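**Q** Below are the structure tokens for one structure; questions will follow.
The values are calculated or read from the model by the stated rules, or taken from the named source; none is laboratory data. As the structure is a prediction and not an experimental result, all values here were calculated from the model. Every residue, glycine among them, receives a Cβ derived from its backbone with ideal geometry; neighbour counts consider all protein chains shown. Protein only, heavy atoms only, side chains kept; ligands, DNA and RNA dropped before computing areas. Shrake-Rupley method; radii C 1.70, N 1.55, O 1.52, S 1.80 Å.
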Amino acid sequence: MAKDETPTDVPSLRPTSWAVLGLLSFGSELSGYDLKKWADWSLRFFYWAPSYSQIYSELKSLEAHGFATSRVVSTNEVKSKRLYKITPAGTDAAALWANESPVEPAVLKHGVMLRMWLGHLADPDKLQSALTEHRDQSEKMRIRAIADAEGASEEPGWAYPELVLRWSEMYYESERDRANWMLENMSRLAMDKSSEGRARRKKPKPLTPNELRKHDN
């Protein structure tokens, strides 16, 4: 902690650092490989699963801040691995972040919806194929979230991760249903485009900056 920081100052760390520190906060000594598996098991449903390179980079940063320690253990005569453990200062920092960090709007980066938004430039069949694939992926994620939530329910210390996994199940169910809704509307759009009236319809006029500000208010 810097000299000019008070105990209520949330340390300035990257989001990935908080994710990795959060994984360590569950109390186990974990290798980078373990952390990746845990991230794939839980984080990917509601945040994202960092790569191995990101994990190791953040572990170095956490050690530099004094929030984690590591030790090398031998697995056999030729191999060894480094295990990481959260420090009391790291636990305090993670708790402070969870309790005091500002609530920020969720950022949605939806590649399929960006492609749909540019539908006037796209091949309708390819758009439909992409949306169908997204719907099927959402259903697979929903099923996986259910399975992982059931696994978390067997561990008393994972009650909150289980809650988030149940939320993830509902999120992907909604994502699947919205994709189905869009597929139905795409069929209607195709019918409209074939009509003469649709062909003559003007493109929507973009909102002016003043109109956008009115919507924000």
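**Q** Check ARG198, ARG188, ARG176 and return the single one that is within 22 Å of LEU121 (Cα to Cα), in a helix (DSSP H, G or I), modelled with pLDDT of 65 or more and not β-branched (Val, Ile, Thr).
**A** Only one candidate qualifies: ARG188.
**Q** Then there's this: Looking only at the range 162-180, which residues are of a type outside the set (Lys, Arg) and in contact (Cβ under 8 Å) with a residue 24 or more places away in the chain?
**A** Result: VAL164, LEU165, TRP167, SER168, GLU169, TYR171, TYR172, GLU173, GLU175, ALA179, ASN180.
**Q** Can you find a residue that is farther than 28 Å from ARG166 by Cβ and either open to solvent by less than 100 Å² (accessible area, probe 1.4 Å) or not in a loop (DSSP other than H, G, I, E, B) (or both) anywhere in the range 90-102?
**A** yes
**Q** Return the total of residues in the range 152-169 being open to solvent by 30 Å² or more (accessible area, probe 1.4 Å) and part of a helix (DSSP H, G or I).
**A** 11
**Q** Under 6 Å between Cβ atoms, at least 6 apart or on separate chains: pull out the pairs that start in the range 96-116 with a residue that is of a type outside the set (S, T, N, Q) and end on any residue that is assigned to a loop (DSSP other than H, G, I, E, B).
**A** Pairs that qualify, where the first residue is of a type outside the set (S, T, N, Q) and the partner is assigned to a loop (DSSP other than H, G, I, E, B), are LEU96/VAL10; TRP97/VAL10; GLU100/VAL10.
**Q** Any chance you could count how many residues in the range 120-143 are open to solvent by less than 70 Å² (accessible area, probe 1.4 Å), part of a helix (DSSP H, G or I) and either in contact with a helix residue (DSSP H, G or I) (Cβ under 6 Å, 6 or more places away or on another chain) or among the hydrophobic types (A, V, I, L, M, F, W, C) (or both)?
**A** Within the range 120-143, residues that are open to solvent by less than 70 Å² (accessible area, probe 1.4 Å), part of a helix (DSSP H, G or I) and either in contact with a helix residue (DSSP H, G or I) (Cβ under 6 Å, 6 or more places away or on another chain) or among the hydrophobic types (A, V, I, L, M, F, W, C) (or both) number 9.
**Q** Determine which member of the set SER74, SER101, SER57, SER53 is farther than 20 Å from ASP34 by Cα and among the hydroxyl-bearing types (Ser, Thr, Tyr).
**A** When all the criteria are applied, what remains is SER101.
**Q** Could you grab me the full set of residues in the range 75-84 that are open to solvent by less than 100 Å² (accessible area, probe 1.4 Å) and under 22 Å from SER57 (Cα atoms)?
**A** Passing the criteria: SER80, LYS81, LEU83, TYR84.
**Q** Take VAL72 and decide whether it is under 22 Å from the mean Cα position of the chain (by Cα) and open to solvent by 60 Å² or more (accessible area, probe 1.4 Å).
**A** For VAL72, the condition - under 22 Å from the mean Cα position of the chain (by Cα) and open to solvent by 60 Å² or more (accessible area, probe 1.4 Å) - is not met.
**Q** Restricting the first residue to the range 60-83 and requiring it to be in contact (Cβ under 8 Å) with a residue 12 or more places away in the chain, which pairs with a second residue that is in a loop (DSSP other than H, G, I, E, B) and basic (Lys, Arg) meet a Cβ separation below 9 Å and a spacing of at least six or different chains?
**A** Here the result reads SER61/ARG14, each pair linking the range 60-83 to a residue that is in a loop (DSSP other than H, G, I, E, B) and basic (Lys, Arg).
**Q** OK, next. Scanning the range 8-46 for residues that are of a type in the set (Gly, Ala, Ser) and modelled with pLDDT under 90, which turns out nearest to ALA147 (Cα to Cα)?
**A** Once the filter is applied, the top-ranked residue is SER42.
**Q** Just need a number here: residues in the range 38-56 that are touching a residue at least 12 places away in the same chain (Cβ under 8 Å), open to solvent by less than 80 Å² (accessible area, probe 1.4 Å), part of a helix (DSSP H, G or I) and of a type outside the set (A, V, I, L, M, F, W, C).
**A** 1
**Q** Evaluate the range 170-193: report whether one residue or more is closer than 17 Å to ALA39 by Cα, under 23 Å from the mean Cα position of the chain (by Cα) and buried (at least 17 other Cβ atoms within 10 Å of the Cβ).
**A** Scanning the range 170-193, I find no residue that is closer than 17 Å to ALA39 by Cα, under 23 Å from the mean Cα position of the chain (by Cα) and buried (at least 17 other Cβ atoms within 10 Å of the Cβ), so the answer is no.
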